[in-house]
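Following: one structure in structure tokens, then a few remarks.
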Amino acid sequence: MNKRIDLAVEGMTCAGCAAAIEKALLKRQGVKSAQVNLASETVAVEYDDRTVAPPALQQAITDAGYRVLSDNAVIKIGGMTCATCVNTVENALKNTDGVLNVHVNLAAEKAYVTYNSRAVTIPDVKKAVEAAGYQYLGLEGEETAAAEKAARARDLRGKRNRFILGFAFSIPLMALMYIHIHPSFPMAYFMFVVSTPVLVYVTLPIFKGAYRALKNRTLNMDVMYSMGIGTAYLSSILGTFEVVLTRDFLFYETALMLASFLMLGRYLESRAKTKTSDAIRKLVGLQPKNAAVIRDGREMTMPIEEVGIGDAVVVKPGERIPVDGAVVQGMSYVDESMITGEPMPVLKKPNSNVAGGTINKNSVLRIRATRIGKDTVLAQIISLVETAQGSKPPVQRIADRVVSYFIPAVLTVATLSFVVWYFIAGNTLLFSLTRFISVLVIACPCALGLATPTAVTVGIGRGAELGILIKNGEALELTEKVTTMLLDKTGTLTKGKPEVTDLLLVSVDASEQNVLIVAASVEKNSQHPVAEAVVRRAEEKNVQLQEVRDFDTVEGKGVKGSINGAAVYAGSPGFLKENGVPIPAGVAHQISTLEGEGKSVVLVAEKGILTGIIGVADTIKPRADRAVKELKKLGIAPIMVTGDNPRTAQAIAGNIGIEHVMAGVLPQDKARSVERLQKDGTVVSFVGDGINDAPALAQADVGIAIGTGTDIAIDSGDIVLMQGDILDAAAAIELGRKVMSRIKQNLFWAFAYNTALIPVAAGLLYPLFGIAFRPELAALAMAMSSVTVVTLSLQLKAYTPRAKTMSEGRAGSG
């Protein structure tokens, strides 16, 4: 069927761009026409949806070097019960014109939708969800928490009432079957009258789900359960009125107990699933609803949505800070543990940055709002965690493939078991029918569907609580494959705030003050940490800096300029030599000594003469050595990457136990260093500053951005460490590996359960051992399989990586 979609494209500048996009699209099989409107920066594509889908069109444009503009929405959905429900919702949304991509997380009960807002709106998406037979509970971020909570409470209450009523009737009915009492009325009629209304009430959601699935031309577990329960009930009616079947075929209590166990399982599963998203609910709960703002000289309380950038906000002791801002008045300790995971409150004074959601502890603060709404650190963290929880690790593809074939396979096995037992083995119709029903109700793709998303949701939530933000499922999976970790020296292994430790005079005419004036004057234009250390020393000495003209910087080597017409240089020995400044023979020993102590050396020259040597050292972070030891325990080889010379680098690395060093690496070459290792088959993680090391973080298999408190660049890396503690890099790897271990454990149990019990339900053990599942026991086993998987995932909530607890002498748990 031919469809048309209008895509907004970024990056088109000329007719050549338009032609390139049209050509790229027309190369795709199934694309009938592609017409670019350069003025509106859109492309209208007509395509055959049986051959090509919107994501493929988007990819064609991306491959051509342009970007399709799209919107993202996280939709809360109710009524999903199994992995096939996920497929039904995804297909319903994918078939909606304008939807580019969809991923549904069963554990979180959310759909992550990428869509073209020119072609489809959220109300259209809502219609698609409801047409598929599920509940649209609103958009993530909307004020729908109360409605969502009420809907989930209603759902739980309904399931609880159904299984309680079901057991209240099915247990006595089953007892009557075994007691063999002889009432004056026919027992079959009594069971029919008593069980029918209860069965209708208990099974209504199951049959509704089956109807929705068949209406959407899909098969889900409700279809199979409906077949099992329906077969048992229909056989009972035929037996009751002795039409075709005899009264040996009374399954009333079986059908009712079967349905009750299904409802019990869904009730327990729903309760457990709500706990998987506790972490995100806690984060959302940190967002204050109101703020005290100074307007027209008066303090007034207003909704947080009305606070603007630049507003003066007053925060009293014990209150949550409502927005991100800078302190303009007051001094107080602030508890940032809910965002960074750091338990110790941080002192905030004028010009200090504060984050919304953190708690002011002991004094009044007045802050100026700098970021509000979705731009605050807390909002970014919530968005990041939500997106990560909705991502699929590659390992989930195995389960997805199995689920797509699962129900047809089970229906085949159930039918074959009936045919074999009745027509080939010559067993009774009663026994053969029981095998058929047992196979239908014991099969459970739900456990397979829940194995990965529950573990991912809980694990990523737990990481957020520990100040470790894992941004996607692929990074999670790659943590267990990492063999080498590149650690940027400055700001990662060291505090990133070097200090001047030595100032040596070389020229007889030079003075310490003059060397410091020249060095600080030319270095003040540089952003390098070593340059900043030199400028800070000059400020401490109250040195008057000079104006520098013709300033130039050679990244990774040094800076130069002119003061009062005289050329001045500050940088490495090689840099000075390149600029014609001779290095006296005796100076080499001094340089060597300083570098041997792990110090960076800045040579200062004026008028072509070397005047002084400045030694600068960066302090190693307190727990860097323990982090290195922990990485080695995890089987990961740590390598330090630095722009320092080899002697300095080896000295620093030796102090913390790192044997391998990449020295003299310029900032732009860090990504190439990662790439070289990857070409040798190494799975590389890079740990560095989220701002300056962005290329290397992007190149690495797992990029880990490390920052301090709320100043971290949250958009960087695959994993973000909020505390600035290098030990958390090891903790992130441990957490990732623990989550992957739990996913594999869940998948093992889900696969083992189905491969072991489906044959038993079909009667495989009956000829040898006389073992055959009753349908109601099969239903119990099915219910417990999903609950087991969710419970195993929930254990991750208590897990603490060893690297987070080693300082206290405890091992990780969970």
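Which percent of the accessible heavy-atom area of the chain goes to carbon and sulfur, probe 1.4 angstrom? Display every interim value, and only then the final one.
Values: 19210 of 35200 Å².
Percent of accessible area from carbon and sulfur atoms in the chain: 55.
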With the charge dipole of segment 1-144 built from beta-carbon charges (+1 for Lys and Arg, -1 for Asp and Glu) about the Cα centre, the Cα from 62, 40, 98 projecting farthest to the positive end belongs to 62
Using the C-alpha atoms of segment 589-745, what convex hull volume per residue, in cubic angstrom, is computed?
144
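Considering the convex hull of the alpha carbon atoms of segment 546-666, report its projected area averaged over all viewing directions, in nm², one decimal.
On the way: hull surface 33.5 nm².
One quarter of the hull surface, i.e. the mean projection, equals 8.4 nm².
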Mind putting a number on the dipole of segment 631-684 about its Cα centre? Charges go on the C-beta only, +1 for Lys and Arg and -1 for Asp and Glu, and I need it in Debye to the nearest 20.
100
Roughly how many debye, to the nearest 20, is the charge dipole of segment 64-175 about its Cα centre, given +1 on each Lys and Arg Cβ, -1 on each Asp and Glu Cβ, and no other charges?
360
What is the total of Lys pairs in segment 299-413 with C-alpha atoms under 16 Å apart, excluding same-chain pairs fewer than 8 positions apart?
5
Show which aspartates and glutamates lie in cross-link reach of residue 621 when reach means a straight Cα distance below 12 angstrom and same-chain residues fewer than eight apart are skipped.
725
For segment 7-87, Rg(Cα) over 2.2 N^0.38 Å is 1.34
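Given a cut-off of under 8 Å on Cα pairs at least six residues apart, what relative contact order in percent is computed for the chain?
On the way: 1629 pairs, mean separation 93.1, N = 814.
Computed value for the chain: 11 percent relative contact order.
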When the Debye formula is applied to the Cα atoms of segment 375-416, each taken as the same point scatterer, what base-10 log of I(q)/I(0) results at q = 0.15, 0.19 Å⁻¹?
-0.57, -0.68
Compute and list, largest first, the equivalent-ellipsoid semi-axes of the chain from the alpha carbon gyration tensor, each √(5λ) rounded to a whole angstrom.
64, 28, 28
Pairs over 28 Å Cα to Cα, from 3/208; 27/679; 471/629, come to 3/208; 27/679
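Keeping all protein chains in place, calculate the accessible area per residue for segment 207-268 (probe 1.4 angstrom), answer in Å².
Numbers: 2450 Å² over 62 residues.
Per-residue accessible area for segment 207-268 comes out at 40 Å².
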Let me spell out the model: positive unit charges on the Cβ of Lys and Arg, negative unit charges on the Cβ of Asp and Glu, origin at the Cα centre of the chain. What dipole size does that give, in debye rounded to 20?
2400
Once the dipole of the chain is set up with Lys and Arg at +1 and Asp and Glu at -1 on Cβ about the Cα centre, which of 434, 799, 80 lies farthest towards its positive end?
434
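What whole-number volume per residue, in cubic angstrom, does the convex hull of the C-alpha atoms of segment 748-798 give? Display every interim value, and only then the final one.
Working: hull volume 3.8 nm³, N = 51.
Spread over its residues, the Cα hull of segment 748-798 gives 74 Å³ apiece.
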Have a look at 135, 233, 571 and report the one farthest towards the positive end of the charge dipole of the chain, computed about the Cα centre with Cβ charges (Lys/Arg +1, Asp/Glu -1).
233
Largest-first ellipsoid semi-axes for segment 1-154, taking √(5λ) over the Cα gyration tensor eigenvalues, angstrom:
33, 16, 11
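Over segment 149-271, calculate the relative contact order: mean separation of alpha carbon pairs under 8 Å at least 6 apart, over the residue count, as a percent. Intermediate results must be reported in sequence, preceding the final value.
On the way: 123 pairs, mean separation 46.0, N = 123.
Relative contact order for segment 149-271 comes out at 37 percent.
State, as an integer percentage, the relative contact order of segment 246-326 based on alpha-carbon contacts under 8 Å between residues 6 or more apart.
On the way: 47 pairs, mean separation 17.5, N = 81.
It comes to 22 percent, rounded to a whole number.
The values are calculated or read from the model by the stated rules, or taken from the named source; none is laboratory data. On a predicted model such as this, the values are computed, not experimentally measured, just so you know. Cβ: placed from backbone, ideal geometry, glycine included. Neighbour counts: every protein chain shown. Please note that ligands, DNA and RNA were not included when accessible areas were found on the heavy atoms of the full protein model with its side chains. Shrake-Rupley method; radii C 1.70, N 1.55, O 1.52, S 1.80 Å.
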